[in-house]
Structures are given as C-alpha cells and as structure tokens.
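Here the structure is laid out as structure tokens; the discussion comes afterwards.
Bear in mind these aren't lab numbers, they're just calculated from the coordinates by the rules spelled out. Because the structure is a prediction, the values reported are computed rather than measured. When we count neighbours, we look across all protein chains shown, and the Cβ atoms used for this are built from the backbone with ideal geometry, even at glycine.
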Amino acid sequence: MGHYSKTEPSVSLESDIKTLNVAEIDNISASSSEVQKPQTDWRSIHVAATVTYVGAVQFSLYAASMFPYLQVLDKTSTENFFGVIIAVYSLGQIISSPLYGYWSNKSHNTKSCLYYGLATMFFGNILYFFAGIIPFQKKYVILVARFVTGFGSSNISLLKAYATSASTGADRSKAIAYVTGGIALGMLTGPGLQLFFTPLGPNGIKLKETGVALPPIDTVAIVVCYVTRFCQMFIISNLES
C-alpha cells in the first residue's frame with residue numbers, strides 16, 4: 001500500500017519576511033514618504049506675486065492722471081462722468097470674476113485664464129493710450145477702455161486661489177502673503193511712478209516754473225485726505241490676508 005506523506009511548502013510567507021533586510025525596509029518606507037510629501041512650488045508663487053504686482057501697478061498708475069487726461073481729450077467731461085469711468089473698472093471685475101472662476105474650475109487650467117486676462121488688460125490699456133486719435137467721442141473711448149481693463153484685471157482672484165492650492169498647509173499663509181503683498185506694493189508703486197513723471201508736465205521739461213502755494217485750509221484738507229486714504233489701503237491690505 002502507498003504511504004500518505006504531508007508535503008510542506010517549499011517557501012513560506014514567514015520565511016520570506018525574515019529574509020528581508022530590516023534596513024532595506026526602512027529605506028523603502030523613507031523614500032516612499034519623501035515622494036508622497038507635498039512641497040510648495042515657491043517659484044510659481046513668486047511668479048504669481050509678480051503678476052499681481054504688475055496688475056496693481058497698472059491700476060494705480062492711471063488713477064492720478066486720468067481726470068486731467070480726460071479733460072484734455074474732451075472739455076465737456078465732468079466729475080460725475082469721471083466717477084462713472086472709475087466705477088466701470090470695478091463693474092468689469094464684478095462681471096468677469098465669476099466667469100474666470102467657472103472657466104478655471106471647468107478646464108482645471110489656471111494658465112489659460114491668466115493669459116486671457118493679461119491680454120485683455122493689455123488691449124484695454126492700448127485703447128486708453130490711443131483714445132486721442134480714435135475717431136469717436138473720446139470720453140466714451142476711455143470709458144470702454146477702463147471697462148475692458150477691469151474685465152481683464154480680475155484674474156488676480158485666480159492668483160490668490162492658486163497660491164492657496166499650490167502651497168502646503170504650513171506654507172499657505174506665507175504664500176498668500178506674497179500675493180497680497182504684490183497687490184499692496186503695486187498700489188504703492190503706481191502713484192510713485194506717476195509722481196516721478198509729473199514734473200515733465202504736458203509740454204515737457206520747463207526750466208523755470210513758479211510754484212503755487214495752497215491756502216492753509218486746503219493744506220489741512222489734503223493732509224486729511226492723505227491720512228484717510230492711507231488708513232483705507234491699510235485696512236484693505238489686511239483684509240486680503
């Protein structure tokens with residue numbers, strides 16, 4: 001009669017585990033944890049901060065010279081119409097911000113939205129620059145130009161969202177501070193550049209110019225306006241962060 005023999009597996013799971021080197025297991029786990037650990041893309045954050053800086057500069061650069069430029073092109077322009085021009089810039093941002101957000105979420109691509117916004121801003125500024133030679137009522141050309149520029153400038157909101165998504169939890173506050181800092185610095189640089197070119201005047205450099213002293217009451221009012229505007233921008237900058 002045949003004898004029944006119980007065969008043992010040649011290689012068991014327990015023996016396989018014992019043959020693994022403990023150091024190799026540690027190295028594999030360490031390398032896998034390093035691969036899975038998210039990192040903040042600081043290069044793209046710096047680019048986003050630069051783009052927000054440029055956008056803030058182009059907004060604040062025209063603020064001081066827009067009304068004199070409007071009056072040179074169209075003598076019938078009033079302060080009320082100038083207020084409408086300022087308002088349509090924000091109106092363009094209100095309209096385009098949700099559109100940019102929907103486009104970015106739908107396409108999962110922020111870069112295309114940013115390119116379109118920058119191109120729109122560029123076209124609006126070119127239209128503003130050539131408003132004097134366009135055969136149409138100049139004040140309405142400026143009105144359309146500022147609306148187009150505002151429509152494109154709302155891509156800054158995408159950069160804030162990108163700074164949030166491209167940074168880790170530990171670096172998120174720092175990344176957002178870079179973007180909002182670009183906005184604050186651009187709002188400061190724009191009027192500074194305008195002030196730098198103000199001595200040139202509309203007719204170029206003048207060798208002699210008699211200064212006009214403001215009355216004391218006007219000086220006090222201007223100082224109050226400066227302090228109020230500073231406090232307003234300080235609050236806006238802190239709300240962004």
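For a modelled paramagnetic label at residue 134, 7 Å from Cα along Cα-to-Cβ, the residues of the stretch 82-114 in reach, with backbone nitrogen under 15 Å, are 85-86, 88-89.
The length gained by stretching the chain between residue 65 and residue 165 to full extension, at 0.36 nm per residue less their Cα-Cα distance, is 32.3 nm. For the stretch 131-154 versus the stretch 160-202, the inter-centroid distance based on Cα atoms is 25 Å.
Count Lys and Arg as plus one, Asp and Glu as minus one, and take only other residues whose Cβ is under 13 Å from that of residue 45; the net charge is then +2. The simple Förster model, with R0 at 35 Å and r as the Cβ-Cβ distance, assigns residue 231 and residue 91 a FRET efficiency of 0.85. Seen from residue 100, the other residues with C-beta closer than 12 Å to its C-beta sum to a net charge of +2, counting Lys and Arg as +1 and Asp and Glu as -1. Once the Cα-Cα distance is subtracted from the 0.36 nm per residue extended length, the residue 222 to residue 173 segment shows a gain of 14.0 nm.
For the stretch 39-198, lysine pairs separated by 8 or more sequence positions, or belonging to different chains, with Cα-Cα distances below 24 Å total 6.
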